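In what follows, a structure is listed as structure tokens, so that the remarks can point back to it.
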Amino acid sequence: MAQFKAQFLNRFVSAEGITSVIELGCGDGAQLALAEYPLYIGADISRAALDICRRAFDEDLTKCFLAYNLAQEIGKQELALSLDVIFHLVEDGIFERYMRDLFAAASRFVIIYSSDYEDLGASTHVRHRRFTRWAKAEAPDWQLIQHQKNPYAEKLDCQNTSFSDFFVYKHIPTRRNGR
């Protein structure tokens, strides 16, 4: 699955000529090791995750890592990523803030890799949400332009499958006040 995600993202970045990427919830950097991004900023709430990433990519000057609360301070990047994060946001307020932060962090595209249905997960740290409904209502300048189904869709073998798909949003400003 990591290869599938990397291939999708690397192709997209190359095809769209993306020069800057920010990931909200970068985790331990395992997925990032397969990425081919010209400039990358990883943000996370976990100091431990940030320390792991900083050590792993210490020599790579195209990558930097910072505390999540500082992400808004650096300005918009062309592409904002959310990979395997949304279904871990079990509290409504945190989900709302994260979604607003995610779309505010991007100037051209937002890519989300997550489930998109309403359901309580099998554990207390999983809550599936229909985030596409939120995006349609709360981010009107963003249009869903692609939904890439995961070829490793969730089955009984949960070790090698995922309930997540890719959702690609493009910034398309809406006309306001008749202009």
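Table for the structure above
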| read-out | value |
| --- | --- |
| From the options Ser20, Ser14, residue that is among the polar types (S, T, N, Q) and closer than 21 Å to Ile172 by Cβ | Ser20 |
| Residue list for segment 125-147, filter: closer than 12 Å to Val168 by Cβ and small (Gly, Ala, Ser) | Ala135 |
| Residue among Phe65, Phe57 that alone is more than 19 Å from Ser114 (Cβ to Cβ), touching a Cys at 6+ places or on another chain (Cβ under 7 Å) and not basic (Lys, Arg) | Phe65 |
| From the options Ile22, Ile74, Ile94, Ile45, residue that is of a type in the set (Val, Ile, Thr) and surrounded by 17 or more Cβ atoms within 10 Å (Cβ to Cβ) | Ile22 |
| Residue satisfying all of: in segment 61-83; modelled with pLDDT of 95 or more and among the small types (Gly, Ala, Ser); farthest from the chain's Cα centre (by Cα) among these | Ala67 |
| Neighbours by Cβ (under 9 Å, 6+ apart or cross-chain): first from segment 47-61, in contact (Cβ under 8 Å) with a residue 24 or more places away in the chain; second assigned to a helix (DSSP H, G or I) and of a type outside the set (D, E, K, R) | Cys53/Leu32; Ala56/Leu32; Ala56/Ala33; Phe57/Leu32; Phe57/Ala33 |
| Which listed residue is of a type in the set (S, T, N, Q) and over 22 Å from Asp141 (Cα atoms), from Gln31, Gln77 | Gln31 |
| Only one of Ile112, Ile74 that is in contact (Cβ under 8 Å) with a residue 40 or more places away in the chain and within 17 Å of His171 (Cα to Cα) | Ile112 |
| One residue from Gln3, Gln31 being in contact (Cβ under 8 Å) with a residue 40 or more places away in the chain, polar (S, T, N, Q) and touching a helix residue (DSSP H, G or I) at 6+ places or on another chain (Cβ under 9 Å) | Gln31 |
| Any pair with Cβ under 7 angstrom, 6 or more apart, that starts in segment 135-150 at a residue that is over 14 Å from Ser115 (Cα atoms) and ends at one that is at pLDDT below 95 and of a type in the set (S, T, N, Q) | Pro140/Thr174; Asp141/Thr174 |
| Hits in segment 55-71 (condition: surrounded by fewer than 16 Cβ atoms within 10 Å (Cβ to Cβ) and in a helix (DSSP H, G or I)) | Arg55, Asn69, Leu70 |
| Search result, residues across segment 114-146 that are surrounded by fewer than 19 Cβ atoms within 10 Å (Cβ to Cβ), among the basic types (Lys, Arg) and outside any loop (DSSP other than H, G, I, E, B) | Arg133, Lys136 |
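Per-residue answers, yes or no, for (1) part of a strand (DSSP E or B); (2) under 27 Å from Arg130 (Cα atoms); (3) in contact with a Leu (Cβ under 9 Å, 6 or more places away or on another chain):
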{"position": "Ala33", "(1), (2), (3)": "no, no, no"}
{"position": "Glu36", "(1), (2), (3)": "no, no, yes"}
{"position": "Ile41", "(1), (2), (3)": "yes, yes, yes"}
{"position": "Cys53", "(1), (2), (3)": "no, no, yes"}
{"position": "Ala80", "(1), (2), (3)": "yes, yes, yes"}
{"position": "Gly93", "(1), (2), (3)": "no, yes, no"}
{"position": "Ile112", "(1), (2), (3)": "yes, yes, yes"}
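The values are calculated or read from the model by the stated rules, or taken from the named source; none is laboratory data. Quick caveat, the model's predicted, so the values are computed rather than measured. No Cβ is skipped: glycine too gets one built from the backbone with ideal geometry, and neighbour counts run over all protein chains shown.
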